[in-house]
Amino acid sequence: MANVSPAVPDTHPPVKPRGWYRRNEIALTPWLFLLPGVLFFAVYVIVPIFQSFYISLWEWNGLGDLHETGEYVGLANYERLLGGDRKFEVSFWNNIRWLVLYLLAIPAGLFIALFLNQTVTGIRLYKSLFFFPFVLSQVVVGLVFSWFYLPREGLLNAILGVFGAGGLNILGDPDLATYGIIAAGLWPQTAYCMILYLTGLNAVDPEQVEAARLDGAKGWRMLWYVILPQLKPATFIAFVVTIIGALRSFDLISVMTNGGPFGSTRVLSFYMFEEALSEFGFRMGYGSAIAVVLFLLMLIFITYFLWSMWREEKAARR
Amino acid sequence: MFPTPIQKRSAAAQATYKSLLPVALILWLLPLIAVMVFSIRPDADFTQGNYWGLPSSFDLIPNYSQVFFNSDMPRYLWNSVLITLPTVAGAVALSAMTGFALGVYRFKGNLLIFFMFIAGNFVPFQILMVPVRDLTVDVGLYDTKTGLILFHIAFQTGFCTLFMRNFIRALPYPLIEAARVEGVAEWRIFLYVVLPLMKPALAALSVLIFTFIWNDYFWAVVLTQGPDAQPVTAGITAFNSQFRAAYHLMSAGSIVAALPPVLIFFLMQKHFIAGLTLGAVK
C-alpha cells in the first residue's frame, strides 16, 4: 500500500524533492489522526481500569495521595468481600437476577416488533411511540415507575383495586422491590430490542419467505426456521446491549429505592458507589475491590462479544 | 414480508388489528400517561385523595410555570445544554478522525486499537469511577462542567469510533485512491473527500450522543455537586426534595427534564434509528 505506482504513465512534471513528512505521509497520517482520540481514551478509560485494580489493594479514604494517606493491605479487601460480606452477597445475587430477567427484553422486543411489522395507516407513529420510552433518561423512567407503584396514589394499585386486589407496596417490600425495578428497566430495554428487530425484519429476504411459504411453512415454524436465522445480527446486538444494560443498572436503583428496603435492592454497581462515596467516609479501596469483581463478571461477556466481533472482522478481511 | 401482511387476511382480522393497536399503545405507555395526568392536576386533588378521578381543574400552566419560575430547574436545564453540546462536538470530532485512521489505513495494530475502543466502551462505569474522580479532583475540575465534558468526550469516543470506522469502511475506496493519485494530501482527503460523505453518520451520532449525555446520571453525581454544574438528571433529585410529595409539580418537573431528548428524537427520528440499529442488518 505504501508505494502505489500510478497505473497510467506519469505525465506530471518531475516532482521536486519531497520532505521527510511527505515521503512517509501514508504511514504517519493514521497515527496523527489517532493521537487525540487514543490519548483521551487512554487517560480516561484504559488507564483507570488498571488503577482501580491497584487501588483495590489499598485502604484509602480518597483524600490526598494514595501512597501517603493510604495503607497497603494486599488482598485483604477481597478476603473481606468474599468472606461473608452480607451486602456483597445480596448485591451479587441481585445482579444475577437482573442478568437473567433483563434478557426477557429480547423476546418481548421481538414480539412487539412482529406485532407492529405491518403497513397500515399511522403505523410509523405507532412504532415511534412504542420506541419512545428508550429516549427517556433512566432517572425519569425510575421516577415514573416509582409513582406508578405508589401504594395510595399509584395507578397500578388503582387498577388492581378495580379487580379487588391492590394495596401492593412493591418498592417497600424487600421480596418484591428488585423485581419492580427490573420491570421498570425492561420497559425502555424492550423498546430498544423492538427497534433492532423492526430494522432486522425490514431486511428479511422476501424471496426466502415466499419460497418457505410455498413449501408450507407457517407461523412458528416459519419464524423459527426462516426468520430468526436471518435476524441473527439483530439478536446479537440485542443480546450485547441487554447484558451491558443489566450490569450497568445503577440509575434506576438509586432513584427508585436507593438500595432499600433494608438493602434488598442493592447490586454491585450500587454497592460500590455506596462504599466509595458513603456518608460514613470514603472507602475507595473497598469500593474498587467491588468494582473489580463487577468488572470480572462483565469481562466474561465482553470477551465473548469481542471474540464474536473479531471473528467477523477476520471473515470480512477476505 | 413476515408476519403475513394484514391486508391479506379477513376483514374481521383487519378490524381487530386496527382496534388492538391503540389499546396496546395505551397499555404500553400507561405509566407515562399517569405522570402526564398528574402534571396537570391541581394540588387540591391530591389533598382530597382524588388521584384518578377527573381533575377538578386543568392546571397545566400554573404547574409548569412553577417549574420554570420557582425552582432551580432552568439552571439545571441550561447546565445540561452546556455539558451536552460540547460533548457532542468533541466526541464526534475525535471519532471522525480515529474512524478515518482505522477505516482507511492498513497498518500494524489497526485492529488492536479498534478493539481497544470497543472493549473500553463495554466496561462498567464503576471500574473507572475512583481513578476518574481522583484525576478530576487533582486537576481542579471537580464540580465543574468542564470536568464532566472531558470525561464524556473520552468515554463516548469509544462507541463513536466503532460507528465511524464501520461507516467509513463502507465508503467506496477507489474515491480515496483516485484522490491520492492526484497527489492530494492525506489530511485534505479527510477534509474534502471523506468528511462530506460522512454527513449521515455525523448526524446519527450527534443525535445519539446528545441523548446519551443528556440522560447521564451516574457521572453527574460522581463528578459534580451543586446547581452550578449539575445537569438536570441530577438536579431533578434536588427539585423533588424541594417539592416533596407535591406529585403534580414533581411530575411536571420530570416531564420538562425529559423533553429535550424526546424532541430531538421526534425531529431527527431517521438519523436516531439509523444510529441505534447500526449493525442490526448485514
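No value in this document is a laboratory result; all are computed from the given coordinates. Everything numeric here is computed off the predicted structure, so don't read it as measured data. Here the Cβ is made from the backbone with ideal geometry for all residues, glycine too, and neighbour counts use every protein chain on show.
Peptides B:119-126, B:42-49, A:31-38 ranked from most to least packed give B:119-126, A:31-38, B:42-49, packing being the mean of other C-beta atoms within 10 angstrom over each peptide's residues. Rounded to the nearest Hz, the phi-derived 3J(HN,Hα) couplings of region A:59-73 under the Karplus curve 6.51 cos²θ - 1.76 cosθ + 1.60 (θ = phi - 60°) are 10, 8, 8, x, 9, x, 7, 3, 6, 9, 8, x, 10, 6, 10, where x marks glycine and proline.
In region B:6-64, Cα pairs under 8 Å separated by at least six residues give a relative contact order of 26 percent. In this structure, the amide hydrogen of A:W58, modeled 1.01 Å from its nitrogen in the peptide plane, lies closer than 5 angstrom to those of A:V73, counting only residues at least 5 positions away or on a different chain. The calculated FRET efficiency for A:A316 paired with B:L197, based on their beta-carbon distance and R0 = 22 Å, is about 0.65. Derived scalar couplings between HN and Hα for region A:246-252 equal 5, 7, 8, 3, 9, 4, 4 Hz in order, rounded to whole Hz, by the Karplus curve 6.51 cos²θ - 1.76 cosθ + 1.60 (θ = phi - 60°), x for Gly and Pro.
For B:I33 and B:A11, the FRET efficiency from 1/(1 + (r/R0)^6), where r spans their Cβ atoms and R0 equals 30 Å, is about 0.45.
Mean partner shielding of peptide B:197-208, defined as the number of other chain Cβ atoms within 10 Å of each residue Cβ, is 0. Per-residue packing, averaged as other Cβ atoms within 10 Å, sorts the ranges B:65-74, A:205-214 into the order B:65-74, A:205-214, beginning with the highest. Using θ = phi - 60° in the Karplus curve 6.51 cos²θ - 1.76 cosθ + 1.60, the 3J(HN,Hα) couplings for region B:71-84 round to 8, 7, 3, x, 4, 4, 4, 5, 4, 4, 4, 5, 8, 6 Hz; x is entered for Gly and Pro. Look at where the Cα atoms of region A:255-307 and of region B:209-282 average out, and the two centres are 23 Å apart. Listed by chain and number, the aspartates and glutamates whose alpha-carbon sits under 18 Å from that of A:K218, ignoring those within fewer than 8 places in the same chain, are A:D205, A:E207, A:E210. Which of rounded, prolate or oblate describes region B:1-150 when judged by the alpha-carbon gyration tensor and an a/c cut-off of 1.5? It is oblate, given that a/c is not under 1.5 and a/b is not larger than b/c. Is the C-alpha gyration tensor of the protein assembly as shown telling us rounded, prolate or oblate? Criteria: a/c under 1.5 is rounded; beyond that, a/b larger than b/c is prolate, otherwise oblate. In terms of gyration-tensor shape, oblate.
Taking 7 Å steps out from each Cα toward its Cβ at A:L214 and B:W187 produces label points 5.9 nm apart. Summarising the label geometry, the points placed 7 Å from Cα in the beta-carbon direction at B:L82 and A:Y304 lie 4.4 nm from one another. Look at the alpha carbon pairs under 8 Å that are at least 6 residues apart: their mean separation over the length of chain A gives a relative contact order of 25 percent.
From the Cα gyration tensor of chain A, with a ≥ b ≥ c the square roots of its eigenvalues, which class applies: rounded if a/c is under 1.5, or else prolate if a/b is larger than b/c, or else oblate? Cα axes put chain A in the oblate bin.
Summing Cβ point charges (Lys, Arg +1; Asp, Glu -1) relative to the Cα centre of region B:42-195 gives a dipole of roughly 840 debye. Note on chain A: dipole from Cβ charges, positive end direction compared against A:S308, A:A27, A:N95; the farthest Cα belongs to A:A27. Cβ-Cβ distance of B:T144 and A:Y54, R₀ of 30 Å, FRET efficiency by 1/(1 + (r/R0)^6): the value works out to about 0.70. Given the options A:Y179, A:Y72, A:Y21, which has the most mean-square fluctuation in a GNM of chain A, springs set between C-alpha atoms less than 10 angstrom apart? With Cα springs under 10 Å in chain A, the top fluctuation among A:Y179, A:Y72, A:Y21 is at A:Y21. As a rough guide to protection, the peptides B:201-208, A:266-273 ranked by mean Cβ packing within 10 Å, highest first, stand as A:266-273, B:201-208. Summarising the amide proton neighbourhood of B:V123: residues at separation of 5 or more, or on other chains, whose placed amide H is nearer than 5 Å comprise an empty set. Excluding same-chain neighbours fewer than eight residues apart, the lysines reachable from B:K199 by a Cα-Cα span under 30 Å are A:K127, A:K232, A:K314, B:K108, B:K145, B:K270, B:K282. Take every Cα pair under 8 Å whose residues are at least 6 apart in sequence, average their separation, divide by the length of chain B, and the relative contact order is 28 percent.
In a reduced charge model with +1 at each Lys and Arg Cβ and -1 at each Asp and Glu Cβ, the protein assembly as shown shows a dipole moment near 2220 debye about its Cα centre.
Taking the helices alone, chain B has a mean residue ellipticity at 222 nm of -22500 deg cm²/dmol, built from -39,500 (n - 2.57) per DSSP H run of at least 4 residues and averaged over all its residues.
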